[in-house]
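Colleague: This is the structure I have questions about; it appears just below.
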Amino acid sequence: MNPYQYKDGELHVEDVPLARIAAAIGTPCYVYSRAALTEAYAAYAQAFEARDHLVCYAVKANSNLAILDLFARLGSGFDIVSGGELKRVLAAGGDPAKVVFSGVGKSEEEIRAALQAGILCFNIESASELERVNRIAGALRMRAPISLRVNPDVDAGTHPYIATGLKQNKFGVAYADAPALYARARSLPHVTIEGVDCHIGSQLTDLAPIAEALGKIADLVARLERDGIELKHVDVGGGVGIRYQSETPPPISEYAAVVLKALRNDRHKLLFEPGRVLAGNAGLLLTRIEYLKQGEDRSFAVVDAAMNDLVRPALYDAWHDVLAVVQQSPAAPADVYDVVGPICETGDFLARARRLNAREGDLLAIMSAGAYGMSMASNYNTRPRAAEVMVDGGEYHVIRDREEVSDLIARERRLPS
């Protein structure tokens, strides 16, 4: 389904006109579709329904409590990369026994809290982390469930900042080192080996690297079992892409066919860590044009959203479609604009060279902003972060109030006299 439709010339999310949300909540504002989130999760789960599996939503994609609550109600587990994300999952009603903890820099406090919460598994990313987890579990008189995140040195063909499976990346244990480190883990008294994990990157649109990586993981699993190391699960990570502009990401059914073929001789439970593919196209950033500025070389639509609200264009040179919330007559004059924010950085842009029938005061929708939008937002230039809204049919719910400047300075102190 497409939750974004023009009705009588106005862009709606499900059955709610965006102009109504802007009038009541103000801009900038993130707007999500409950139906789109639900449908994306269902498609992922149904693609693997013939195989014992657990979908663990990658919290870093969008960590709003309402979104985590929705996925928990749908039966999802969660992939976390910080102690803060664990607290969010628990606050949203998530089951800690469905949580996998990834990340290269887990602190002692984070490890301790995750053990006490009873998470499903730590994805271990170094020999030093393995020793630390064993020591902390011993001090707590517990056994830590672990898998190794294995780096298969496969080029995912994605942006270098979100590629994670090459040998020069910081993530995971080198493929050649994995058997010895599994042997070390088996000898430790306070860890229990649960599985193996592999994640090669984000926004993947080509299935060949996934097949290559999983082929290497299948070979590793077979070797470990020959060595007497029994696994309970294989975590194949996430990373399936979405369409922002002209990408052609594979349908989840095709991705599932590749995964199941690569692991066809494997009997283990499958774990997945999707994020963007579940949330990315389920949200948009709603913003209003403050000024239209005609420059010597180009024209600018200066909006009230900025790089602090959506950093992906500045960080990755990422493309997001820009739609007018109220359609103008096709005969109305159009111009080509860079859509920019008010932040004092030349890199503060949301879109470049877009043809718009635009007037000052018009609303724009920055599309495909449900993942890595609000979760990467900041307060640069002392800008309060945006409100967030969830649309559910003909209703909408504010799921995060807009920040105030008083919130930003509340924990700061002036110097004493």
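The values are calculated or read from the model by the stated rules, or taken from the named source; none is laboratory data. This structure is a prediction, so every number in the text was calculated from the model and none was measured. Every residue, glycine as well, gets a Cβ built from its backbone with ideal geometry; the counts of neighbours run over all protein chains shown.
Colleague: Looking at Tyr30, Tyr41, which one is of a type in the set (Ser, Thr, Tyr), under 12 Å from Ala279 (Cα atoms) and within 17 Å of the chain's Cα centre (by Cα)?
Modeller: Matching residue, one of Tyr30, Tyr41: Tyr41.
Colleague: Is it the case that Tyr30 is at pLDDT 95 or above, outside any helix (DSSP H, G or I) and either more than 24 Å from Leu286 (Cα to Cα) or in contact with a Leu (Cβ under 7 Å, 6 or more places away or on another chain) (or both)?
Modeller: Against the criterion (at pLDDT 95 or above, outside any helix (DSSP H, G or I) and either more than 24 Å from Leu286 (Cα to Cα) or in contact with a Leu (Cβ under 7 Å, 6 or more places away or on another chain) (or both)), Tyr30 qualifies.
Colleague: Specify the residue that is nearest to Asn2 (Cα to Cα); the eligible residues are those in the stretch 348-363 that are small (Gly, Ala, Ser) and either assigned to a strand (DSSP E or B) or modelled with pLDDT of 95 or more (or both).
Modeller: Once the filter is applied, the top-ranked residue is Ala351.
Colleague: Mind listing whichever residues of the stretch 1-42 are closer than 20 Å to Tyr372 by Cβ and among the hydrophobic types (A, V, I, L, M, F, W, C)?
Modeller: Within the stretch 1-42, Val13, Cys29, Val31, Ala36, Leu37, Ala40 meet the criteria.
Colleague: With respect to Ala66, is the statement that it is touching a helix residue (DSSP H, G or I) at 6+ places or on another chain (Cβ under 6 Å), in a helix (DSSP H, G or I) and of a type in the set (Gly, Ala, Ser) true?
Modeller: It is false that Ala66 is touching a helix residue (DSSP H, G or I) at 6+ places or on another chain (Cβ under 6 Å), in a helix (DSSP H, G or I) and of a type in the set (Gly, Ala, Ser).
Colleague: Quick one: count up the residues across the stretch 59-82 that are within 14 Å of Ala45 (Cβ to Cβ) and of a type in the set (D, E, K, R).
Modeller: Residues flagged as within 14 Å of Ala45 (Cβ to Cβ) and of a type in the set (D, E, K, R) within the stretch 59-82 amount to 1.
Colleague: Could you check, for the stretch 256-274, whether at least one of its residues is touching a strand residue (DSSP E or B) at 6+ places or on another chain (Cβ under 6 Å), buried (at least 22 other Cβ atoms within 10 Å of the Cβ), over 30 Å from Asn123 (Cβ atoms) and not aromatic (Phe, Trp, Tyr)?
Modeller: No: the stretch 256-274 contains no residue that is touching a strand residue (DSSP E or B) at 6+ places or on another chain (Cβ under 6 Å), buried (at least 22 other Cβ atoms within 10 Å of the Cβ), over 30 Å from Asn123 (Cβ atoms) and not aromatic (Phe, Trp, Tyr).
Colleague: Considering only the stretch 51-72, state which residues are under 19 Å from Gly237 (Cα atoms), in contact (Cβ under 8 Å) with a residue 60 or more places away in the chain and surrounded by fewer than 23 Cβ atoms within 10 Å (Cβ to Cβ).
Modeller: The answer is Arg51, Asp52, His53, Leu54, Lys60, Ser63.
Colleague: How many residues are touching a Ser or Thr at 6+ places or on another chain (Cβ under 7 Å) and crowded, with 22+ Cβ neighbours inside 10 Å if we restrict to the stretch 321-351?
Modeller: Qualifying residue count for the region: 1.
Colleague: Restrict the check to the stretch 388-402 and report whether at least one residue is outside any strand (DSSP E or B), at pLDDT below 95 and in the same structural domain as Ser299 (by TED's automatic domain parsing).
Modeller: Looking for residues that are outside any strand (DSSP E or B), at pLDDT below 95 and in the same structural domain as Ser299 (by TED's automatic domain parsing), one finds none in the stretch 388-402, hence no.
Colleague: State whether one or more residues within the stretch 110-122 are within 24 Å of Ser33 (Cα to Cα) and either surrounded by fewer than 16 Cβ atoms within 10 Å (Cβ to Cβ) or basic (Lys, Arg) (or both).
Modeller: no
Colleague: Of the residues Ala36, Ala97, Ala91, which is of a type in the set (Gly, Ala, Ser) and either under 29 Å from Ala365 (Cβ atoms) or assigned by TED's automatic domain parsing to the domain that holds Glu194 (or both)?
Modeller: Ala36
Colleague: Another question, if that's okay. Going through the stretch 364-386 one residue at a time, which ones are in contact with a strand residue (DSSP E or B) (Cβ under 7 Å, 6 or more places away or on another chain) and either more than 18 Å from Arg88 (Cα to Cα) or at pLDDT below 95 (or both)?
Modeller: Matches in the stretch 364-386: Leu364, Ala365, Ile366, Met367, Ala369, Ala386.
Colleague: For a quick check of your reading of the model, give me the residue pairs whose first member lies in the stretch 354-365 and is under 15 Å from Glu10 (Cα atoms) and in contact (Cβ under 8 Å) with a residue 24 or more places away in the chain, whose second is aromatic (Phe, Trp, Tyr) and assigned to a strand (DSSP E or B), with beta-carbon atoms closer than 7 Å and at least 6 apart or on different chains.
Modeller: Sorted first by the residue in the stretch 354-365, then by its partner, the pairs are Ala358/Tyr337.
Colleague: While we're here: State whether the residues of the stretch 212-219 include one that is surrounded by 16 or more Cβ atoms within 10 Å (Cβ to Cβ), of a type in the set (Asp, Glu) and out of contact with any strand residue (DSSP E or B) (no Cβ under 7 Å at 6 or more places or on another chain).
Modeller: Within the stretch 212-219, one or more residues are surrounded by 16 or more Cβ atoms within 10 Å (Cβ to Cβ), of a type in the set (Asp, Glu) and out of contact with any strand residue (DSSP E or B) (no Cβ under 7 Å at 6 or more places or on another chain).
Colleague: Can you pull out every residue in the stretch 44-75 that is of a type in the set (S, T, N, Q) and within 15 Å of the chain's Cα centre (by Cα)?
Modeller: Correct list: Asn62, Ser63, Asn64.
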